[in-house]
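Report on the structure given below.
The values are calculated or read from the model by the stated rules, or taken from the named source; none is laboratory data. What you are looking at is a predicted structure, and each value in this text was computed from that prediction instead of being measured. Glycine also receives a Cβ, built like all others from the backbone with ideal geometry; neighbour counts cover every protein chain displayed. For the accessible areas, the whole protein counts, side chains as well, though only heavy atoms, and no ligand, DNA or RNA atoms are used. Shrake-Rupley method; radii C 1.70, N 1.55, O 1.52, S 1.80 Å.
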Amino acid sequence: MSANKDEVLLKVNKIYNPPERVLEKVLITAEEFDRMYEESIKDPEGFWSRLAENELHWFKKWEKIREWEFPNYRWFIGGKLNITYNCLDRHVKNGKRNKVAYIYTNEDNEEIKITYGELLELVNKIANGLKSLGVEKGDRVVIYMPLVIEQLATMLACARIGAIHSVVYAGFSANALKMRIEDAKAKVVVTSTWTKRRGKKIDLKSVVDEAVDGVETVESIVVLQRDGDQFELVEREIDFYELIEKQSPECEPEVMDAEDPLFILYTSGSTGKPKGVLHTVAGYNLYTHLTTKYIFDIHEDDIYWCTADPGWITGHSYMVYGPLSVGATSVIAEGAPDYPDPGRWWSIVEKYRVNIFYTAPTAIRLFMKYGDEWPKKYDLSSLRILGSVGEPINPEAWLWYYEVIGNSRCSIVDTWWQTETGGHMITTVPAYPQKPGKAGKPFWGVEVDVVDREGYPEENNKVGYLVIKQPWPSALRACWGEPERFEKYWTEIDHYYFSGDLATKDEDGYIMILGRADDVINVSGHRIGTAEVESALVSHPAVAEAAVIGKPHDVKGESIKAFVILKEGHEPSETLIKDLKLHVRRELGSLAVPDEIEIMDKLPKTRSGKIMRRVLKARELGMPLGDISTLED
Ligand code: 6R9
């Protein structure tokens, strides 16, 4: 047993050089990447001008690259473009009309392929359909749909006409959806009747019914009915295909200003309700285009598969905008990763000869548990680049991914980034040496550091806060309706972007991410605010107070544990605990349901009345309690 452990230690402390077969064809060598990084920092004007000119189509060129009036910044000022022109029209015009954009598959092994030409027409029809419902530039459209081609096309249709989309993950509850619809004052909601997971149909339509009830800003609800459905549509509702059938397949792209909003995506913070992170057109388009191209090293005939969902930022940047902007062919798969059996994902890799595969550590750990025999049943030799995102990848999982999935002949790119950053911030490009568990180095234009609370750099290998020293093109521009929350990103550690993550930097400049420094829990790569779960719990009639912590979990990364104090007259019982879990599911969705709930008589608090979650966590993990001088008693 211990010999085995030593072996693993030796392996994880090794540096993995990129395999020859990767190096042979990389779009960018390590040297060239470094040279461009230097240039991006020394001469940002020249650097970004050249790339923006070479990589994107503009209706009108920008006048100035960047303006930074603390805390606000703008990029490509005066430039005009439309992201869907870059994602669709230009490929269709350049001989790629018949290239496949998406290959859709699901648990029943059904397959739908859509080419760039067909996707452009579908997007235009939806865009015209939305226009016919009165949607105009700047209006908000909420999308609550399963992972189907129509979902991605609806996002693009919004971008086509300048409407701001807000995609809500179809696992969120009616309350969570309602909050997002109300906060954005959405005019239209686009949804579908159901999704299928583990062979079971999950009803989405009734969630929407509940969410839109009484919300007056919503003028129309567009419903994608899936095979066999015959819903009786009531007031405000219209069938998706009935709406678009009669529309023209042509729709001029709206001429968008570089800084016009593209989308809002809600994400959890350490306090209060989720914040609506806003991204704008040009900087986001260019940055996601470049990172997709060079970090995934996508070549013309490659098949690329990102296993995320467009309900998260990874789906926005690396299933929709990035891959389409570079003209790639992507696989998308609706349903669970391990259903009907744990071989499902690997069978998809084999069937479509996937070359580039992008997933989360939680999935890797899940498959590690199922055992090597599942991936070994399939031919995975097409794989060349393996990506990881969403949470720190532990070296053991890294190694398994490298050896068992990659057969020691792929490069791993461990991409650190956030909803707020829009695109990859820290990683290695495929030509770079890789270190298990260490994400790597910053991408072009990104200056990172590991600092203390005052912003002074920490020594090598010492834990500190991960900051970014200046704005980059795809940085968030606002928190929807909450300027103070936006400002906080740049004021928490003076004039630096504060990521909320803890990290170390080694002597080669490789960054290792250790996890969140704030009260955000990362469950299976999804951000959940302790404050959200606590407020869901206290909205239950039996609960007086609640405190929530994250606990290490071998598959999910972290799991949620809640401590609650009951109101007078309520007794602890199994039934009550079950009911509390159900309540959180109803309030927030299944992702936020605590694995454990412990009933307490008292919670550790500071004298000023703040719950000390740190003390609860230390007690839970059997660790020293640390400084408890402010503890009430
Ligand atoms: C893209 C995405 C962001 C938080 C981030 C960090 C964690 C993401 C990571 C990673 C270590 C990586 N995170 N990628 N931690 N290594 N490669 O996940 O965005 O949902 O906003 O989450 O996820 O803690 O702060 P988002």
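So the values come out like this:
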read-out	value
Check on Gln434, in contact with a strand residue (DSSP E or B) (Cβ under 8 Å, 6 or more places away or on another chain) and away from the ligand (no atom under 12 Å from the Cβ)	yes
Enumerated helices (runs of 4 or more DSSP H) restricted to region 279-364, each holding at least 1 residues that are open to solvent by 10 Å² or more (accessible area, probe 1.4 Å)	281-295, 344-352
Which numbered condition Ser408 fails, given (1) within 15 Å of the ligand (Cβ to nearest atom); (2) under 21 Å from Leu10 (Cβ atoms); (3) at pLDDT 95 or above; (4) assigned to a loop (DSSP other than H, G, I, E, B)	(1)
Residue match in region 572-589 (condition: among the small types (Gly, Ala, Ser), surrounded by 14 or more Cβ atoms within 10 Å (Cβ to Cβ) and touching a residue at least 40 places away in the same chain (Cβ under 8 Å))	yes
Pair list, Cβ < 6 Å and 6+ apart or interchain, from region 11-40 residues that are of a type in the set (Phe, Trp, Tyr) to residues that are assigned to a loop (DSSP other than H, G, I, E, B)	Phe33/Val429; Tyr37/Trp444
Residues located in region 449-490, provided they are crowded, with 17+ Cβ neighbours inside 10 Å, of a type in the set (Val, Ile, Thr) and in a loop (DSSP other than H, G, I, E, B)	none
Test result for Ala536, touching a residue at least 24 places away in the same chain (Cβ under 8 Å), away from the ligand (no atom under 16 Å from the Cβ) and crowded, with 23+ Cβ neighbours inside 10 Å	yes
Qualifying positions in region 16-30 - under 15 Å from Leu383 (Cα atoms) and surrounded by 14 or more Cβ atoms within 10 Å (Cβ to Cβ)	Pro18, Pro19, Val22, Leu23, Val26
Which numbered condition Leu514 misses (of (1) within 15 Å of the ligand (Cβ to nearest atom); (2) surrounded by fewer than 18 Cβ atoms within 10 Å (Cβ to Cβ); (3) within 28 Å of Leu286 (Cα to Cα))	(3)
Residues of region 371-405 that turn out to be assigned to a loop (DSSP other than H, G, I, E, B), within 18 Å of Asn522 (Cα to Cα) and either more than 16 Å from the ligand (Cβ to nearest atom) or not acidic (Asp, Glu) (or both), as a count	5
So Val255, is it open to solvent by less than 30 Å² (accessible area, probe 1.4 Å) and closer than 28 Å to Gly117 by Cα	no
Members of region 191-211 found to be open to solvent by less than 50 Å² (accessible area, probe 1.4 Å) and in contact with a strand residue (DSSP E or B) (Cβ under 6 Å, 6 or more places away or on another chain), listed by number	Thr191, Ser192, Trp194, Thr195, Leu204, Val208
Wholly within region 1-55, helices (runs of 4 or more DSSP H) carrying at least 2 residues that are within 25 Å of Gly283 (Cα to Cα)	30-42, 44-55
Restricting region 416-431 to residues that are outside any helix (DSSP H, G or I) and either surrounded by fewer than 24 Cβ atoms within 10 Å (Cβ to Cβ) or not assigned by TED's automatic domain parsing to the domain that holds Asp501 (or both), the residue that is nearest to the ligand (Cβ to nearest atom)	Gln418
Pairs, first within 15 Å of Leu514 (Cβ to Cβ) and in contact (Cβ under 8 Å) with a residue 40 or more places away in the chain in region 375-398, second within 13 Å of the ligand (Cβ to nearest atom) and of a type in the set (Val, Ile, Thr), C-beta under 6 Å, six or more apart	Pro392/Ile513
Residues satisfying the stated conditions in region 215-235, i.e. part of a loop (DSSP other than H, G, I, E, B) and surrounded by 13 or more Cβ atoms within 10 Å (Cβ to Cβ)	Val215, Thr217, Val218, Glu219, Gln225, Arg226, Asp229, Leu233
Among the candidates Trp68, Trp75, residue that is outside the structural domain of Leu119 (by TED's automatic domain parsing), surrounded by 13 or more Cβ atoms within 10 Å (Cβ to Cβ) and under 25 Å from Leu278 (Cβ atoms)	Trp75
